[in-house]
Amino acid sequence: MADPDLVRAHEDVQALSTARRRLADCSQQLSQVEAAVAVLQRQHAKERADVDVLNRTSLRRVLTKLAGNHDEKLAAEEAEAAAVAIRLDGQRARLAQLRGDRDALQDQVNRLADAPQRLEAALAAGQQRLIADGGPSSAEMHKLVEQIGQNRAVEREHVQARDSGANAVAAVKQVQMTLQKALGWSTGDMFNMPMADWVEHERLDEAAALCWQAQGLIDVFAREMADVALDVSVRMPEVDTRRFADMFFDNVITDSMRHRRIQETVDYVNRVEQYLNGRLNEVGVRLARIKSTAQSLEDQRRTLLGLGDIA
């Protein structure tokens with residue numbers, strides 16, 4: 001039979017998960033209704049302004065009176081204003097209800113915030129008691145604890161590899177964006193756009209510096225991947241920032257040659273990004289398997305501690 005504290009902590013963790021999910025849903029609904037109320041408030045103000053215009057002595061009122069349709073227009077405007085007011089009141093009531101629900105759910109989340117820690121402490125105490133008892137399940141629990149520890153270490157290494165890879169890809173994207181800007185200015189330079197040459201070289205200098213930063217992050221990614229027996233072998237290109245030809249031979253031929261070099265660099269960096277994303281996908285696939293193993297081991301641990309029959 002499971003320990004009562006263990007069962008209570010387990011139930012609280014499930015309640016916390018449900019409360020967090022409901023809170024996220026409620027917050028999303030709240031944002032949508034707040035936006036709807038803002039739209040309706042503006043619409044209602046406009047409709048009331050239209051009614052006020054027809055009620056005031058004005059050229060428009062005189063003209064509508066002469067045309068014989070003033071009362072009809074006023075009635076129509078008032079009906080539209082009333083219809084918007086009804087919708088606005090309904091959304092405001094919904095808004096108040098959602099705010100109350102959100103506050104209640106937030107209070108529940110706050111009350112249950114320590115549930116995961118209490119559950120882990122109860123599980124740890126239970127497994128220690130089971131091992132100390134030396135019964136038939138003692139050896140099984142001891143082996144399971146070792147497997148859980150090993151799997152957590154492997155998961156930690158893969159998470160570090162994934163995060164370092166994401167940092168490397170983000171840095172490469174910065175290079176891509178800067179080179180694309182340089183490419184755009186290079187096109188302008190070929191058509192003698194004022195200042196295009198100067199801005200193009202500024203972007204190329206920026207891209208060159210970003211390439212070195214990206215390479216440093218790729219090197220970190222490679223080391224983290226080596227820890228999980230995966231290989232990363234790719235280098236960022238050197239960006240051609242030479243200005244000599246522009247200073248002495250600035251013409252359409254040199255401009256088109258430089259434009260082509262920039263395009264080739266862009267294409268190379270795109271291939272680097274594709275390569276890194278491919279390696280990241282491999283880490284993601286592994287992490288999914290590792291997490292599945294972790295869940296299986298955790299289920300076995302809870303079963304040994306008497307939580308297997310508790311939903």
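The values are calculated or read from the model by the stated rules, or taken from the named source; none is laboratory data. From a predicted model like this one, the values you see are computed outputs, not experimental measurements. Neighbour counts run over all protein chains shown; Cβ positions are idealised from the backbone, glycine included.
Would you mind telling me which numbered condition in (1) touching a residue at least 24 places away in the same chain (Cβ under 8 Å); (2) closer than 24 Å to Arg279 by Cα Ala153 fails?
Going through the list (1) touching a residue at least 24 places away in the same chain (Cβ under 8 Å); (2) closer than 24 Å to Arg279 by Cα, Ala153 breaks only (1).
Please work out if Gln147 is surrounded by 13 or more Cβ atoms within 10 Å (Cβ to Cβ), more than 17 Å from Val33 (Cβ to Cβ) and touching a Ser or Thr at 6+ places or on another chain (Cβ under 9 Å).
Answer is yes for this residue.
Quick test for you: out of Asn167, Asn151, Asn110, pick the one residue that is closer than 29 Å to Arg302 by Cβ, modelled with pLDDT of 90 or more and of a type in the set (S, T, N, Q).
Asn110
Please go through region 16-35 and pick out each residue that is surrounded by 15 or more Cβ atoms within 10 Å (Cβ to Cβ) and closer than 16 Å to Glu120 by Cα.
Selection gives Leu16 alone.
In contact with a Leu (Cβ under 9 Å, 6 or more places away or on another chain), in the same structural domain as Arg271 (by TED's automatic domain parsing) and without any contact (Cβ under 8 Å) to a residue 60 or more places away in the chain: does that describe Ala196?
no
Please work out which residue is nearest to Leu280 (Cα to Cα), limiting yourself to region 195-229 and to residues that are β-branched (Val, Ile, Thr) and in a helix (DSSP H, G or I).
That would be Ile218.
Among the residues of region 93-108 satisfying the criterion of being surrounded by 15 or more Cβ atoms within 10 Å (Cβ to Cβ) and among the charged types (D, E, K, R), which is farthest from Ser17 (Cα to Cα)?
Checked region 93-108; the qualifying residue farthest from Ser17 (Cα to Cα) is Arg94.
With (1) touching a Lys or Arg at 6+ places or on another chain (Cβ under 9 Å); (2) at pLDDT 85 or above as the list, and His10 as the residue in question, which single condition is left unmet?
Evaluating His10 over (1) touching a Lys or Arg at 6+ places or on another chain (Cβ under 9 Å); (2) at pLDDT 85 or above leaves (2) as the failure.
Going through Asp227, Asp189 one at a time, which residue ends up being buried (at least 16 other Cβ atoms within 10 Å of the Cβ), modelled with pLDDT under 90, in the same structural domain as His259 (by TED's automatic domain parsing) and out of contact with any strand residue (DSSP E or B) (no Cβ under 7 Å at 6 or more places or on another chain)?
Unique residue meeting the criteria: Asp189.
Suppose we filter Leu112, Leu119 for residues that are under 16 Å from Gly306 (Cβ atoms) and within 38 Å of the chain's Cα centre (by Cα); which single one remains?
Criteria check complete, one pass: Leu119.
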